[in-house]
Amino acid sequence: QVQLVESGGGLVQEGGSLRLSCAASGSILKINSMGWYRQAPEKQRELVARIISSGPTNYADSVKGRFTISRDNAKNTVYLQMSSLKPEDTAEYYCHADLVQLSPVRNLGVWGQGTLVTVSS
C-alpha cells in the first residue's frame, strides 16, 4: 500500500505565506511525478503545480510567480511554497503522485487526504 500525508495548511491573511508538505510512504518503486491540486467550494478540482522526477515543473497561470513547487526525492516528499496569497487561493489542497508500486509492481495514481488553506482579506 502507498499513502500520501499532507501537512501545512491553515489560516493566513491576504499577502501572507504558507508551505505545504506531502510525504509518500509505502511500497514504492519509483515516483514519476508529484503535484498539488485544489478544490474550492462548488468548483472543480484544478491543477496548481506539478513536478516531474527529472525536475520540470508546470503551474496554473493563476499561481505563477507566487507559488513554487519543489521535491526531495530522497524523502519522497513534495513541497508547495505559497506566497502573496489571495482570498481566491482559499481551497482544499490535495497532493497527488503518479508512481510505480513495488509489490505488486503496477502503476498507481494516489491522492492525499487534503489540507485546507484559508486566506482572509
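Calculate what fraction, in whole %, of the accessible area of the range 78-121 sits on carbon and sulfur atoms when a 1.4 Å probe is rolled over the protein chains.
Values: 1020 of 2000 Å².
Percent of accessible area from carbon and sulfur atoms in the range 78-121: 51.
When all C-alpha to C-alpha distances in the range 80-121 are sorted into bins of 10 Å, what percent of pairs does each bin hold, rounded to whole numbers?
Answer for the range 80-121: a P(r) of 25, 36, 22, 14, 4 percent.
Identify, among 20, 3, 104, the residue whose Cα sits farthest towards the positive end of the charge dipole of the chain, taking +1 on the Cβ of Lys and Arg and -1 on the Cβ of Asp and Glu, with the dipole about the Cα centre.
About the Cα centre, the residue reaching furthest to the positive side is 104.
What is the extension gain from residue 61 to residue 81, computed as 0.36 nm multiplied by their sequence separation minus the C-alpha to C-alpha distance, in nm to one decimal? Can you show the working numbers first?
On the way: separation 20, 0.36 × 20 = 7.20 nm, distance 1.57 nm.
Length gained, residue 61 through residue 81: 5.6 nm.
Place a +1 charge on the Cβ of each Lys and Arg in the chain and a -1 charge on the Cβ of each Asp and Glu, then give the dipole magnitude about the Cα centre in debye, rounded to the nearest 20.
Numbers: 12 positive and 10 negative charges, 70 e Å.
So the dipole magnitude of the chain works out to roughly 340 debye.
Rounded to the nearest 0.05, what FRET efficiency do residue 5 and residue 121 give with R0 = 22 Å and r taken as the Cβ-Cβ distance? Could you check? If you can, show how the numbers build up before the last one.
On the way: r = 30 Å, r/R0 = 1.37.
With a Förster radius of 22 Å, E is 0.15.
Have a look at the range 1-45 and give its Rg and Dmax from the Cα atoms, expressed in angstrom.
13.9, 40
Given H placed 1.01 Å from N in the peptide plane, which residues other than close sequence neighbours of residue 76 have an amide H under 5 Å from its amide H?
none
May I have the extent of the alpha carbons of the chain along their three principal axes, as whole Å values ordered from largest to smallest?
48, 26, 22
For residue 13 and residue 42, FRET efficiency with R0 = 22 Å and r from the beta-carbon atoms, rounded to 0.05? Intermediate results must be reported in sequence, preceding the final value.
Values: r = 24 Å, r/R0 = 1.08.
So the FRET efficiency works out to roughly 0.40.
What are the radius of gyration and Dmax of the range 25-87, computed over its Cα atoms and given in Å?
In Å, with Rg to one decimal and Dmax whole: 12.9, 39.
From the phi angles alone, apply the Karplus equation (6.51, -1.76, 1.60; θ = phi - 60°) to the range 25-34 and give each ³J(HN,Hα) in whole Hz, x where the residue is Gly or Pro.
9, x, 7, 10, 8, 7, 10, 7, 7, 9
Which value, in Å², gives the accessible area per residue of the chain when a 1.4 Å probe is used on the protein heavy atoms? Don't jump to the answer; show the numbers that get you there.
Numbers: 6420 Å² over 121 residues.
That works out to 53 Å² for each residue.
So between residue 102 and residue 70, what do we pick up on full extension, going 0.36 nm a residue minus the alpha carbon distance?
Values: separation 32, 0.36 × 32 = 11.52 nm, distance 2.39 nm.
Gain in length upon complete extension: 9.1 nm.
The values are calculated or read from the model by the stated rules, or taken from the named source; none is laboratory data. Keep in mind that this is a model prediction, so the values were computed, not measured. So basically every Cβ, Gly included, is an ideal-geometry build from the backbone, and we count neighbours across all protein chains shown. These area figures cover heavy atoms from the full protein model, side chains too; ligands, DNA and RNA do not enter into them. Shrake-Rupley method; radii C 1.70, N 1.55, O 1.52, S 1.80 Å.
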